[in-house]
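Novice: Take a look at this one; I'll ask things after.
The values are calculated or read from the model by the stated rules, or taken from the named source; none is laboratory data. Bear in mind the structure is a predicted one, so any value in this text is a computation, not a measurement. Here Cβ is always computed from backbone atoms with ideal geometry, including for glycine, and neighbour counts include all displayed protein chains. Only protein heavy atoms, including side chains, enter the accessible area calculation; ligands, DNA and RNA are left aside. Shrake-Rupley method; radii C 1.70, N 1.55, O 1.52, S 1.80 Å.
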Amino acid sequence: MLLTLKQQRRLHTVAMGALAWLVALLIFFPIFWMILTSFKTEIEAFATPPSLFFTPTLENYITINERSDYFHFAWNSVVISFTSTIIGMLIAVPAAYSMAFFETKRTNFTLQWMLSTKMLPPVGVLVPIYLLFKDFHLLDSKTGLIIIYTLINLPIMVWMAYTYFKEVPKDILEAARIDGANMLQEIWRILLPMTKGGLASTVLLSLILSWNEAFWSLNLTAYNAAPLTSLIASYSSPEGLFWAKLSAVSTLACAPILIFGWISQKQLVRGLSFGAVK
Amino acid sequence: MKSKLLISSLVALGFTSFLPNAYAANTTLTIGTVNNGDMVRMQGLASAFEETHPNIDLEWVVLEENVLRQRLTTDIATKGGQFDVMTIGLYEAPIWGKKGWLTEINNLPADYDFDDIFPAVSEGLSVDGKLFALPFYAESSMTYYRKDLFKKYNLTMPNQPTWDQMMEFAKVLHKPAENQFGICLRGKAGWGENMALLTTIANSFGARWFDENWKPEFDGKEWNNAVNFYVDLLNKYGPPGASSNGFNENLALFNSAKCAMWVDATVAGAFLTDESQSKVANEIGFALAPSQVTTKGAGWLWSWALAVPKTSDAKPEALEFITWATSKGYSELVASTNGIANMPPGVRASTYANKDYMMAAPFAAKTLESMQNADANDATLKPAPYTGVQFAAIPEFQAIATKVGTLVSGALVGSMTVEDALKKSQKLTTRQMKRARYYKK
Amino acid sequence: MDTLASIDKAKESDSTGVSNAAKKNALISFFMVSPSVILLLVWMIIPLGMTIYFSMMNYNLLSPEDTWFVGWENFEYFITDDGFASGVTNTLILVGSVLLITVVFGILISVLVNIPFWGQGIVRVMLISPFFIMPTVNALVWKNLLLHPVSGVFAAISVFFGYEPIDWFSDYPLTAIVIIVSWQWLPFAVLLLMTAMQSLDQEQQEAARLDGASSLDVFRHLTLPHLSRAIAVVVMIETIFLLSIFAEIFTTTGGGPGYETTNLAYLIYSQALLQYDVGMASAGGLIAVILANIAAFFLVRIVGKNLTDNT
């Protein structure tokens, strides 16, 4: 039991690491199961007891490829999610910057009011929006969805960017200003790199929310602007066994997002700059 | 720098979505359909249509039944004009036809052989003699049972059992320790889920949804008997989790040899006898849906049909498509591509006169008999003011029956008594009908 | 004398300089914030306006010709529905339980994965992975592949240990929904809190530990206060989303058995949308907004201060 401090630390780290792995695996399990199911036949998918070992088959993926045009839907998803996120960030970041560093009496109220624009449940406002979109010829258009997604995600983006901007000590920006930087340089050179992780999380979140949004994307599109949620819906609950195919199409649909998740979590680097200031 | 370039090109691409679509010389048909097997097949075979009609492009919106119905109704009622072809059922067709939302269908070509279609189906899709949709496939309900288990326990299934007999059979066949359940029935809440089945059970117990004055009859003894029987039967001899089992779950259970009997749609027959997905494909026995005090309304009647909304901007092409998809030629195409047993069922007499079909599809004979027995105008013991076997063809029915369905599933799991569920159902139905101004003050 | 005067003069010009700067700041902030405010204002007013209008009308999509003014009738009808009380209670239970689970576990997990260890990147992605999956698919996977009492994984595990499988959707439907929704939203909390942990000053922690503080002390007095803003954000944002949870309920239970899993959003659907009663759907929507405002009011009391604090 006479471990040196260093050894104790090592043990602590290893134990925590193991626990972290355990928790992550538990949380990931349903997804793992879903991916597993995508390689089973339909009848295998519903077997009792559920099988861990079986002969894998690609038939579900083949069926999906034959039946639907994955790339059409994927492309729509990419365009809609990315465009709405980029536009959203362009609007949200200045707003968050201003609220974080030029706080007024109304800042708190404005923040809460922004969030309150999301209080109306979409189910309750479906028909009014449908009528609006019809009159503006926005039905079944990527533009229409981009507009809606930008608007519904804007409050979230503002809130999150605000949160991370607030972490940055004002004196750093003051120092830059004294050194002669103007506002744009301040933001671009100092603030953004410091809040890289936070902004990456915000972008990822907005992407995910747009990618998986299933109410407006199903109700306001037909085929032209239909994103991946529409593709998934076409495999959902038909008459007949469908769980293996659904698992396959869902795996295909979330694969692109997984890549972005990986990229963005890489941005979560320790804030070394904070130490540098001290 | 690279990321800047990437971002700017993505933004540029995003903005191209603002540009109007290049106008093609072709007509595009947007088809909204259910994601059932027969429709998916139609989607696959539609390339044959596109080949013979090079000026028509087909685009598909494929959704689950309830979502599709909501999507299509929202569109047609607001005159959204998003769809050229809509897949609708026996429930919507007369309602929408009466409202003048659908294009009337006439001038069908002679080789379409309209008289070949079962009158019950074509009449269900017409209003005042005017046809508003062409039937794609139709179904009734029937009883499925395991021949091997019946043999093992020395039981004989009559051509049309009574529900009492079904209870007797289930008792013998229920062996939960071996993962074998006496009977599987729909329990999932929904007007097209558990209520479709329960309405046919109620019909056979002599009940009806509404009396001649549109007052619901849940406070009557017929409904009481029917629901008590249903809850009793499923709780005693049904599988666990029955209250969330719909068609698919029960199909999966039956296919994996866990159910001894099942009463559900005639189209299930095709899945059950398919060796690639059913462990018991060769042991399926067929009988008519059970009766009790009457044989009326025992098997339901449903059809998925293709219609052209008035808001379509390509009506002639759309009509051409739906004529193609419901024609004899299409059935033959299915037979040659996917096997004769997969021809769209329940619509044409010629399908059932086809000896090869009857041989290849063991479920065909009972399907035919069930379809011939189903009469949407005479489904209840006492006269009813509505048409429909497992539904009442009024717009309010969908919401009312879905709520009653959730109450019944509550009774099924025991979170309320049957009496309580019926009382609540009576209250909410009366309330709803009153609001919809069915009762003259 | 001269110097005093010149100092006074300097001060004077300086103060106008300061107030000029303040004015400039206010102007800048106004312009930077206004695009978002204007957009959201339009986005709020138009649907809200239409909703208020429709809520007072008898407007059914199936008979659009029969539209007339009915005042409070839609609201009255919606509130006197049998399922209304359950709808409100279930909404609150659902939101409360999921908030509790996701925030508590979110904090614990984000602390856990903060120290570098082997495979930290992969673990992080796995932790946020449930958020990548569409809610409807999630619900279906949980309902049929995991929780199903005959063929689900949980059932198999129970049987393995000799227990009777739990019939989740019959006996504990609301719990089942809470599990599904919590699992879906835990990654959100983890993502935000994990990111917030990045700005936690390691050196302060080291110093405290060297001074003899235990891990618990460090957690309570350093970590938690630092995370308070992020926690406030998680709570506020999750609440707004959770109040209108719909897809999971629609896919799994349809609001049943009885009214056990009916929340306000689903009630609007089953009461109004299913029969295309736009008037009542609008009325229900407004009632949901009122409930959301009440919930937000209380939440702001509890966590709102942490938002704009300068910790």
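Novice: Could you give the spread of the C-alpha atoms of the stretch C:31-79 along their three principal axes, from largest to smallest, in whole angstroms?
Specialist: 46, 24, 14 Å, listed from the longest principal axis down.
Novice: Over all distinct alpha-carbon pairs, what is the Kirkwood Rh of the stretch B:141-255 in angstrom?
Specialist: After inverting the pairwise mean of 1/r, the radius is 15.1 Å.
Novice: Another question about this same structure. Restricting attention to the stretch B:84-162, which chymotrypsin sites (Phe, Trp or Tyr not before Pro) occupy a DSSP loop and are surrounded by at most 15 other Cβ atoms within 10 Å?
Specialist: Filter output for the stretch B:84-162: B:153.
Novice: Counting Lys +1, Arg +1, Asp -1, Glu -1, what net charge surrounds residue A:113 among other residues with beta carbon under 14 Å of its beta carbon?
Specialist: So the surrounding residues net to +3.
Novice: So which aspartates and glutamates pass the test for residue B:221, namely a Cα distance under 18 Å, with those fewer than 8 places away in the same chain ruled out?
Specialist: B:164, B:211, B:212, B:232, B:419, B:420
Novice: For a quick check of your reading of the filter: which trypsin sites (Lys or Arg not before Pro) in the stretch B:265-365 sit in a DSSP loop and have no more than 14 other Cβ atoms within 10 Å?
Specialist: B:279
Novice: Multiplying the sequence separation of residue B:236 and residue B:211 by 0.36 nm and subtracting their Cα-Cα distance, what value in nm do you get?
Specialist: So the extension gain works out to 5.8 nm.
Novice: Please give the total accessible area that chains C and A bury against each other, computed with a 1.4 Å probe and expressed in Å² to the nearest 100.
Specialist: 9000 Å²
Novice: I've got another one for you. Most fluctuating residue of A:17, A:197, A:240 in a GNM of chain A with Cα springs under 10 Å: which is it?
Specialist: So, out of A:17, A:197, A:240, the one fluctuating most is A:17.
Novice: Additional query: Indicate the gyration tensor shape class of chain B (rounded, prolate or oblate), computed on the Cα atoms with a ≥ b ≥ c the square roots of the eigenvalues: a/c under 1.5 is rounded; otherwise a/b larger than b/c is prolate and the rest oblate.
Specialist: prolate
Novice: Restricting to Cα pairs below 8 Å that are 6+ residues apart, what does the relative contact order work out to for chain A? Please round to a whole percent.
Specialist: Worked out over chain A, it gives 30 percent.
Novice: Determine the share of the stretch C:72-306's accessible area contributed by carbon and sulfur atoms, expressed in whole percent, with a 1.4 angstrom probe.
Specialist: Accessible surface attributable to carbon and sulfur in the stretch C:72-306 totals 69 percent.
Novice: Given A:142/A:266; A:166/C:24; B:79/C:143; A:134/A:196; B:79/B:403, which pairs have Cα atoms separated by over 32 Å?
Specialist: B:79/C:143; A:134/A:196
Novice: While we're looking at this one, here's another question. Give the carbon-plus-sulfur fraction of the accessible surface of chain B in %, rounded to a whole number; probe 1.4 Å, heavy atoms of protein chains only.
Specialist: Of the solvent-accessible surface of chain B, carbon and sulfur hold 52 percent.
Novice: Can you give the accessible area buried between chains B and A, summed over both chains, with a 1.4 Å probe, in Å² to the nearest 100?
Specialist: Its buried surface, counting both partners, is about 3500 Å².
Novice: Follow-up question, since we're still on this one. Of the cross-linked pairs B:99/B:130; B:171/B:382; B:98/B:366, which ones have a Cα-Cα span greater than 22 Å in the structure shown?
Specialist: Pairs exceeding 22 Å: B:171/B:382; B:98/B:366.
Novice: Let me confirm one metric for peptide A:30-39, namely the mean number of other chain beta-carbon atoms within 10 Å of its residues' beta-carbons.
Specialist: Mean shielding by partner chains, rounded to a whole number: 4.
Novice: Out of all Cα-Cα pairs in the protein assembly as shown, roughly what percent, to the nearest whole number, are more than 46 Å apart?
Specialist: 33 percent
Novice: Right, next: Peptide B:405-416: average number of partner chain Cβ atoms within 10 Å per residue?
Specialist: Whole-number average of other-chain Cβ neighbours for B:405-416 is 6.
Novice: Sticking with this structure for a sec: Take every Cα-Cα pair in the stretch A:70-272 and report what % of them are more than 20 Å apart.
Specialist: The share of Cα pairs beyond 20 Å in the stretch A:70-272 comes to 63 percent.
Novice: Given the alpha-carbon gyration tensor of chain C, what are the semi-axes of its equivalent ellipsoid in whole angstrom, ordered largest first, with each equal to the square root of 5 times an eigenvalue?
Specialist: The answer is 45, 35, 15 Å, longest axis first.
Novice: Between residue A:109 and residue C:104, how high is the FRET efficiency from 1/(1 + (r/R0)^6) when r is the Cβ-Cβ distance and R₀ = 22 Å? Nearest 0.05.
Specialist: 0.15
Novice: Shifting gears a bit: Only Cα pairs within less than 10 Å get springs; with that Gaussian network setup on chain A, which residue of A:87, A:43, A:257 has the largest fluctuation?
Specialist: A:43
Novice: If you don't mind, there's one more thing I want to ask. Tally Lys and Arg at +1 and Asp and Glu at -1 over the other residues with C-beta under 13 Å from the C-beta of residue C:276: what net charge comes out?
Specialist: My count for the surroundings of residue C:276 gives -2.
Novice: Oh, and also: Provide the per residue accessible area, probe 1.4 Å, for chain A, rounded to a whole number of square angstrom.
Specialist: Ligands and nucleic acids excluded, the figure is 41 Å² per residue.
Novice: Tell me the angle of helix C:173-197 to the major Cα principal axis of chain C, expressed in degrees between 0 and 90 and rounded to the nearest ten.
Specialist: With rounding to tens, the tilt is 20 degrees.
Novice: Which cysteines in the protein assembly as shown lack any other cysteine whose Cβ sits under 4.7 Å from their own Cβ?
Specialist: A:254
Novice: Quote to one decimal, in nm, the extra length available between residue C:293 and residue C:209 on full extension: 0.36 nm per residue of separation minus the C-alpha distance between them.
Specialist: 25.9 nm is the gain from fully extending residue C:293 to residue C:209.
Novice: Taking only complete DSSP H runs, can you tell me which helices of chain A stretch 27 Å or more along their own long axis by Cα positions and average at least -1.0 on the Kyte-Doolittle scale?
Specialist: A:5-37, A:70-101, A:142-166, A:243-266
Novice: Tell me, what is the percent relative contact order of chain B, built from C-alpha pairs under 8 Å that lie six or more residues apart?
Specialist: With pairs under 8 Å counted, the relative contact order is 24 percent.
Novice: Sticking with this structure for a sec: Helix-only estimate, please: 222 nm mean residue ellipticity of the protein assembly as shown, summing -39500 (n - 2.57) across DSSP H runs of length 4 or more and dividing by its residues, to the nearest 500.
Specialist: -18500 deg cm²/dmol
Novice: Could you tell me the relative contact order of the stretch B:362-401? Use alpha-carbon pairs under 8 Å, at least six residues apart, and round to a whole percent.
Specialist: For the stretch B:362-401, the relative contact order is 25 percent.
Novice: State, in square angstrom and to the nearest 100, the accessible area buried between chains B and C, both chains counted, probe radius 1.4 Å.
Specialist: Buried: approximately 3300 Å² between C and B.
Novice: For an R0 of 35 angstrom, estimate the FRET efficiency from the Cβ-Cβ distance between residue B:337 and residue A:53 and round to the nearest 0.05.
Specialist: 0.50
Novice: Continuing with this model, one more query. Sequence neighbours fewer than 8 away in the same chain don't count; with that in mind, list the aspartates and glutamates whose C-alpha is under 19 Å from residue B:147.
Specialist: Qualifying aspartates and glutamates at Cα under 19 Å: B:168, B:178, B:264, B:274, B:275, B:283.
Novice: Given a 10 angstrom Cα cut-off, can you work out which residue in C:88, C:125, C:98 is the most mobile in a GNM of chain C?
Specialist: C:125
Novice: Give me the residues in the stretch C:24-40 whose solvent-accessible area, probe 1.4 Å, is reduced by at least 20 Å² once all protein chains are included instead of the chain isolated.
Specialist: Residues passing the criterion (a loss of at least 20 Å², heavy atoms only) are C:25, C:28, C:29, C:32, C:33, C:36, C:37, C:39, C:40.
Novice: With loop defined by DSSP as not H, G, I, E or B, and exposure as at most 12 other Cβ atoms within 10 Å, which is the longest segment of chain B clear of exposed GluC sites (Glu not before Pro)?
Specialist: Here the longest segment lacking exposed loop sites spans B:1-211.
Novice: Shifting gears a bit: Which net charge results for the neighbourhood of residue A:75, defined as the other residues with beta-carbon distances under 12 angstrom from its beta-carbon, given Lys and Arg at +1 and Asp and Glu at -1?
Specialist: 0
Novice: Between residue C:221 and residue C:42, with labels modelled 7 Å along Cα→Cβ, what's the label distance in nm to one decimal, could you check?
Specialist: 5.3 nm
Novice: Give me the percent of the accessible area of the stretch A:131-193 that comes from carbon and sulfur atoms, probe 1.4 Å, all protein chains in place.
Specialist: Carbon plus sulfur share of accessible area: 61 percent.
Novice: Based on the Cβ-Cβ distance of residue B:104 and residue B:427, what FRET efficiency does E = 1/(1 + (r/R0)^6) give at R0 = 45 Å, to the nearest 0.05?
Specialist: Step by step, r from the Cβ atoms, then E = 0.65.
Novice: Okay, moving on. What's the angle, to the nearest 10 degrees (0 to 90), between helix C:224-243's Cα axis and the longest principal axis of chain C?
Specialist: Roughly 40 degrees, rounded to the nearest 10.
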